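Colleague: Got a structure for you, questions after.
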Amino acid sequence: MSAPRTTLFRHALRLHQAAPDAPLPWDGEPYPDDGPHRRHRPPAVRDRRLQGAEAARVLDRYFGDPAAPPSDLVDAFHAVDVPIHRNEHIAAAALRADRQRVRHTGRWLVRHSTDRCSATIGLALLATDPVEQDIPLIQTIGLLSDRFGSLAADALRRRSGGEEALLWLAQRVGGWGRVYVVQALCRRVTSVSRPWLLRHACDGDFLNGYFAGEVATAAHLHEAAGDPDDDLVDHTGLLLRTMADCEGMGMSLETYPPASAVLTAHAAHLARQSPAADRYRTAEIIAGCLEARAPERNGCTPGQRDRILRQYRDVLDRQDWRDVSRQ
C-alpha cells in the first residue's frame, strides 16, 4: 500500500504550533493514516492475556536481526493488535533486547512513523527506558492523546522531571487523554502538582467522572476546602458536581468519606462569591442530587444533607443569582 506522506509526529507538531497552549482540535483527528488504518484494522484479541503477544513476537524477530533498520517496522503491525496502554508482552520484548537499540528504535518510530500502530510501538519502547532527553518527543506525540495519551503519561511518569512534563501535557489535552494524564499525576502528588490538580484538573468534560474522586482524594481536597480562593472554590464545585453524577465511572460522593465536610465548605464559600452562570449551574446540579437521593447516597447523614441543601438553596434563591440564571 502507499504510505501517507506526513508522519504522526509532524502532524501533532504542526497542530500544536498553531495553538501552543490549547488541546489539539478534535484531538488531532483525522490522523494522516486515517484511510489506510481503517482499511487494515486487525481483528480484536478476545483473550486479554494475549493482547500484545503477537506485537511482541514481531519485535523479537526484529531485535533478533542486528542488521534490521527501524524502518522495517513501519508497516509491520497492520495485521497485529497493538494495545494503546502499557503492555507486559511488549515491555518484556523490549527488556530482552539491547537497551541502546531499543532506545534508538523507539525514537525513530515515534519521530518518523507514518502509521499510528508502529508509532504506538515506538512510544511503548520509550516507556521502558526512562531517559530524560526523550521528554519533548513523548510530549509532542502525546498531544494526539486519545491514541497516545496513556503510553505518554506512563512514559513521562517514570522519568526524572516527568512531573513537570505531565503538567505541561495535562494543560494541553482533553477527553480520554486528560483522563490518562490526570490519573498519572494522581499517583504521586507533590507540592508542584497539587495546586494544579486542586484548581484545574477538571475541564467539565463528561469523562472527568473517571478521575474526579481520585483528584479529591490524592490532592487532599478536604484539607484545602477551607481556602476562599475563587479558583479553588470553583474547581471544588466542579469536582463535587462531577462526583455527584458519575456513578459507574469513578468515586462518587457516596464513597468519598469527607463528602459532607467538603460540601459544607463549598456551600459556605459559594454564599460569599459573586453570582456567575457556571457557579449557578454547579450549585443547581449539586442541590438537585442532594434533593433527589437518599442522604447516604451523597455521603451525608439526614441532618447534614438537610443543612447543606438549605445552604445551596439559600444562594440559588437570592435575586442576584436568579438574575444571572435568567441571563
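Read the figures in this text as sums done on the coordinates, not as results from a lab. Predicted, not measured: the structure shown is a model, and the values here were computed from it. All Cβ positions, glycine included, derive from the backbone under ideal geometry; neighbour counts span all protein chains shown.
Colleague: Okay, helix-only estimate at 222 nm for the chain: each DSSP H run of n ≥ 4 adds -39500 (n - 2.57), divide by all residues, round to 500 deg cm²/dmol; what do you get?
Modeller: Calculated mean residue ellipticity at 222 nm is -17500 deg cm²/dmol.
Colleague: Whole percent per 10 Å bin, from 0 to the bin with the longest distance: what is P(r) over all C-alpha pairs of the range 88-221?
Modeller: Using 10 Å bins, I get a P(r) of 13, 43, 30, 13, 1 for the range 88-221.
Colleague: Where in the range 49-71 is the amide nitrogen less than 12 Å from a point lying 7 Å along the Cα-to-Cβ axis of residue 88?
Modeller: 49-51
Colleague: Answer with one residue from 252, 269, 240: the one whose Cα lies farthest towards the positive end of the charge dipole of the range 224-285, charges on Cβ with Lys, Arg +1 and Asp, Glu -1.
Modeller: Positive-most Cα among the choices belongs to 269.
Colleague: How far apart, in nm, are two points set 7 Å out from the Cα along the Cα-to-Cβ line at residue 217 and at residue 132?
Modeller: Each label point is offset 7 Å from its Cα along the Cβ direction, giving 3.3 nm.
Colleague: Can I ask one more? Work out how much length residue 37 to residue 231 would gain on full extension: take 0.36 nm times their residue separation and subtract the Cα-Cα distance, in nm to one decimal.
Modeller: 65.6 nm is the gain from fully extending residue 37 to residue 231.
Colleague: Mind pulling up the Rg/Rh value for the range 255-327? Radius of gyration and Kirkwood radius, both on Cα.
Modeller: Ratio of gyration radius to Kirkwood radius for the range 255-327: 0.98.
Colleague: Something else about it: Could you run the Debye sum over the Cα atoms of the chain, one equal point scatterer each and no solvent, and tell me log10 of I(q)/I(0) at q = 0.09, 0.15 Å⁻¹, two decimals?
Modeller: -0.56, -1.10
Colleague: Still on this structure, I have one more. Translational diffusion coefficient, Stokes-Einstein: compute it for the range 1-153 using the Kirkwood radius over C-alpha pairs as Rh, at 4 °C and 1.567 mPa s, and state it as an integer in µm² s⁻¹.
Modeller: 83 µm²/s
Colleague: Would you please put 89-96, 303-310, 187-194, 223-230 in order of how densely packed they are, using the mean number of other Cβ atoms within 10 angstrom per residue and starting with the highest?
Modeller: Top to bottom by mean Cβ count within 10 Å: 89-96, 303-310, 223-230, 187-194.
Colleague: Just subtract the alpha-carbon distance of residue 272 and residue 255 from 0.36 nm times their residue separation and send over the number in nm, one decimal.
Modeller: 3.3 nm
Colleague: Please check which bits of the range 263-290 a label hung off residue 326 would reach, taking the label as a point 7 Å along Cα-to-C-beta and the cut-off as backbone N under 19 Å.
Modeller: Within reach of a label on residue 326, which here means backbone N under 19 Å from a point 7 Å along Cα→Cβ, the range 263-290 contributes 275-281, 284.
Colleague: Between residue 99 and residue 191, what's the calculated FRET efficiency when r is the beta-carbon distance and R0 is 30 Å? Round to 0.05.
Modeller: 0.35
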